[in-house]
Every structure is written in structure tokens, then in C-alpha cells.
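Have a look at the structure below before the remarks.
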């Protein structure tokens, strides 16, 4: 995919996430802060895209340990 | 009795000897360092609370025990400071955040308990970047105690987020301190303050009672004058803890007498060197020359992974969950740095699948880095490519693209131990540093290399002119 298309896609995804932020917290953010949050969302979308370039298979588990709990007795 | 300036900059090892030879007492140390914290420590915004009553009680007990021949080991009777994200009875635990200035806990963190069991005397809660810097601060002034200042230059930042731990030790205001690192928060202030700081393996030290920023990245570790002191402190605080299920099951013992002093094999990672300030680069090359006197050096490169992106997504997602109360209540609006007031909102909408993907990539990173590190006692690299930022400058503007070197993200994502060592001075008279990164569980190997380096150099003995 050409880079400009990638950037447009990232921007569109960031805008979608920004709508969610606005719905939750819009009353707390000034216009300038909304702009900063949008920038941060775009960086996070780009970071997630970088992760998608690492090949993973169904067998690749998240590196987090779950221990089923059993209390004493 | 020992002269005051002898005490201020003595190592833990030296103070332990002086306590046993009768040159000083635990009570004298508490009074001396309480005065230093109040005068010198506060000058650098290093102090949140001096816990004089508790410290006097603990010192009196240590004194009585030592007199009676009950010796708890090298930390017995020695005062220390704790980053103000560790729960302690008898003082607020502010997490560096103005909205939490009155927060109190009725138990001590495991690390505090272990240090008490080792006879160390808790004297102060030390300042930190608010919420350990987890919400994206971009200015040195990001704490309820004001910007952390390095004792080497009153117009330069101490680094963060363990700011007070770094500057108080460097200023001779406390013999050692406990810091925490999620992504750079021990090694960076150690670098900018010219002290020695050890980030242990993830899980080596219990985080029970410590503020959580990122459950799968947070580590606690010692910040001291020497590598040897870091080993002594780590020995006291490490080990499994039922209150922290992420602790490693193996016990840890620091036993320098059994370690090699030469014949090491080190990888050399030149990450960030091309973009480093000239003095940082020159000092690193000089360090390699010293290391080559007792180690074989071999150039290495990091395996190709998006380290910073993995670290960012994990940190952002976990911090949004850890601070959900502060975010949802709007209390973040009371934080000091403007970026911290809105920075968390973006994190609340990270897709779960992105977070899980980061954790899946993380496993590959761990395997690849272990393969690399298994060939060496450690990998040596820059701690930071630049010296401390000026107090009045946005951090991104000063650090540019080298604010976070890839090795910092890689080491923290993989849970690797690292030790930062002062190795000279750069612009504005500020300290430079290198770090040695080890394999998981490899603290003793990197400590041995660090001790050998410090046996041949005197950067760790240099003192700022603080009075």
C-alpha cells in the first residue's frame, strides 16, 4: 500500500478513536487538548501498525501469565 | 567520631565498617543525613517527607542490636530514602502527584519491610515525577515537589522518574535510595545525577505496596554510589514474595567474593552513538578502552523488532487501567505537567487486540534477546545519548529523537537487568554514563563487570559542589 494511503488510513482510524474519546471525555478537553489527544491517538495507531508487521501465528500466545486460583483448604 | 563530610559521601560498605569500628552510630547517621536532606536535598527538590521520628526509633533499635552483638548485615543502622511510590506507615505516599498529596497507607511495602529486616533505617520519602511519568510528561516540572534538579548543575534536570532518589544520593544527602523503573526511571536519573543505579530483572524484587504504573513492566531497584552498594542493597530486597505473584521463585544472593574480576566477555551495542553529543560519544569510547583491559569486546546489534512500539502500547494500556480512578474522576486535571492532564484520555481507547498483539510480540523479543545475551556477561551501551536537559526546556525539544534509545525499550520489554555507571562529564559539567545490560537473572554478572570498571576508574567517586 502506498505510504500516503497508509497515512490516510491511520488518520481515519485515529479520528474514529477520537470520536470515542470525545464521547467519553469531550466535556473535559479544550480544543487545543483535543488536538493533542488526536496526535497521540495517531501515534498509537502507527505503533499498532508497526506491531502488525511482526509475523505471528495462532500458536503465539501473549506473554502474560495466568495462574488459576485455589485458596487454602 | 567521623567528620561530617566523610559521612555524606561514604559508601554503604564504608559506613558499615565505620559503624562497627565505633567511628559513628546509627543515631548519628540519622541526625547527619536528616540535616543534609533538609538543607541540601530540598535545594534540589529531592525530598517529599523526612521521617525523623520513625528513623530515630529504628536507629535506636539498630544501635542497641549492634551493641548487643546482633548484626543484621551490611545495611544495619544505615539510613536510606524511598521513592515516594512505596507505601510506608508514618508518612503520606504521594506518588509525586498533587491530587494525592494526603494519600496514606497503613502498611509498609514489602521492600520497606525487607530493608527494615536488614536493619536499614527509613529516613525519607523522595520525590518523583508524578505517577512515575506514566502519563506522558514533557517538561522537567512534573511533580508536586517541583522539577528535580541534578546537584551537578542547578539549571539542569535530575532525570526521572526516580528524581529524588538520584539527586539525594548524588548530593550526599542519603547513602542509598530505592527507585523504580518502568521505562528508564532508574537508569536515566542515575545517569543525569552521576550515580550508579541497578534495574533488576523483572520479578527479582517484590512490588507489593508500590504504586502500579504498568504491571508487566514495573521494577524496583537500588540507586547508590557504587556497583558494590547496589549489590548489597539488592541482596536485602530481592526474593520471592507471596504478596507479589510476579516475583521470581529463585532466591538471590550477592556474593562478590565468588565472582570473577576479569576475563569477561561483553557485547558492545553502538545504539544511539551516531546521534550522541560529542562528549557522550568520546566518554563511551574511553569506557570501552577501560573495559578492554579486563574483558573481550565484540560488536553486536539488536535483533530487529519494534521495541518502542511494544513498550508504548503495553505501558499506555496498562497505565490507563492502573489509573482508571484518577482518569474517570477527572483528578488528572490537578496534575502538574499539562501533558499529564490530558495524556491519559487517548490511552483509554486502545483496542484490546493491539495490547494483546504487543504481548505476543514481546515473547519473540524475549527469546531473541536471550539468544543474544546468552553469549555474553553483558552488553555495554549508552545509558543516554545526551546529558541532562535544561530545566526550562521541553524534553522532546532537547532530546529529539534520542529521548528513548531502542535498548531501553528492549531491556524493559524483556525484563532484563541493567546497571548504569558514570563514565565522565559532558556539556554544562553534567555527568555521562554507560549501561551494562544482562541476561534475565544475570545481575551478579553485570555487577561483577561494573565493579571491575569502577576499580579502574574514579568517576563514581566524583562529588558535585553542593556544600
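The values are calculated or read from the model by the stated rules, or taken from the named source; none is laboratory data. Keep in mind that what you see is a predicted model, and the values were worked out from it rather than measured. Here the Cβ is made from the backbone with ideal geometry for all residues, glycine too, and neighbour counts use every protein chain on show.
Laid out as a table, the results:
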item: Pairs with Cβ under 9 Å, 6+ apart, first in segment B:268-289 and on the phi > 0 side of the Ramachandran plot, second modelled with pLDDT under 95 and in a helix (DSSP H, G or I); result: B:272/B:402; B:272/B:406
item: Given (1) modelled with pLDDT under 95; (2) over 20 Å from residue B:396 (Cβ atoms), index of the condition residue B:109 fails; result: (1)
item: Any hit, segment A:23-35, residues being more than 7 Å from every other protein chain (Cβ to nearest Cβ), assigned to a helix (DSSP H, G or I) and within 21 Å of residue B:304 (Cβ to Cβ); result: no
item: Condition check for residue A:1: at pLDDT below 95, in a loop (DSSP other than H, G, I, E, B) and under 24 Å from residue B:358 (Cα atoms); result: yes
item: Odd one out for residue B:350, checked against (1) within 14 Å of chain A (Cβ to nearest Cβ); (2) over 27 Å from residue A:30 (Cβ atoms); (3) assigned to a loop (DSSP other than H, G, I, E, B); result: (2)
item: Test: residue A:61 is surrounded by fewer than 16 Cβ atoms within 10 Å (Cβ to Cβ) and facing chain B (nearest Cβ under 10 Å); result: yes
item: Residue check for residue B:178: in contact with a strand residue (DSSP E or B) (Cβ under 8 Å, 6 or more places away or on another chain), surrounded by 24 or more Cβ atoms within 10 Å (Cβ to Cβ) and within 23 Å of residue B:130 (Cβ to Cβ); result: yes
item: Residue B:330 vs. criteria on the phi > 0 side of the Ramachandran plot and out of contact with any strand residue (DSSP E or B) (no Cβ under 8 Å at 6 or more places or on another chain); result: yes
item: Filter pass, residue B:416 being in contact (Cβ under 8 Å) with a residue 24 or more places away in the chain, within 23 Å of the chain's Cα centre (by Cα) and part of a helix (DSSP H, G or I); result: no
item: Selected residue (only one of B:417, B:390, B:406 is buried (at least 23 other Cβ atoms within 10 Å of the Cβ) and either in contact with a strand residue (DSSP E or B) (Cβ under 8 Å, 6 or more places away or on another chain) or closer than 29 Å to residue B:314 by Cβ (or both)); result: B:417
item: Flag for residue B:408 being assigned to a loop (DSSP other than H, G, I, E, B) and under 24 Å from the mean Cα position of the chain (by Cα); result: no
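Here's the yes/no breakdown for (1) under 17 Å from residue B:344 (Cβ atoms); (2) surrounded by 10 or more Cβ atoms within 10 Å (Cβ to Cβ):
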site	(1), (2)
A:6	no, yes
A:12	no, yes
A:18	yes, yes
A:31	no, no
A:40	yes, yes
A:44	yes, yes
A:49	no, yes
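So that you can scan it fast, the table gives a plain yes or no per residue for (1) free of Cβ contacts under 8 Å to residues at least 40 places away in the same chain; (2) more than 11 Å from the chain's Cα centre (by Cα); (3) in a loop (DSSP other than H, G, I, E, B); (4) closer than 22 Å to residue B:413 by Cβ:
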position: B:119; (1), (2), (3), (4): no, yes, yes, no
position: B:125; (1), (2), (3), (4): no, yes, no, no
position: B:140; (1), (2), (3), (4): no, yes, yes, no
position: B:143; (1), (2), (3), (4): no, yes, yes, no
position: B:147; (1), (2), (3), (4): no, yes, yes, no
position: B:159; (1), (2), (3), (4): no, no, yes, yes
position: B:166; (1), (2), (3), (4): no, no, no, no
position: B:188; (1), (2), (3), (4): no, no, no, yes
position: B:197; (1), (2), (3), (4): no, no, no, yes
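For every residue, the table says whether it meets (1) more than 9 Å from chain A (Cβ to nearest Cβ); (2) in contact with a helix residue (DSSP H, G or I) (Cβ under 7 Å, 6 or more places away or on another chain); (3) within 17 Å of residue B:410 (Cβ to Cβ); (4) at pLDDT 95 or above.
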site	(1), (2), (3), (4)
B:303	yes, yes, yes, yes
B:316	no, yes, no, yes
B:322	yes, no, no, yes
B:334	yes, yes, no, yes
B:342	no, yes, no, no
B:361	no, yes, yes, yes
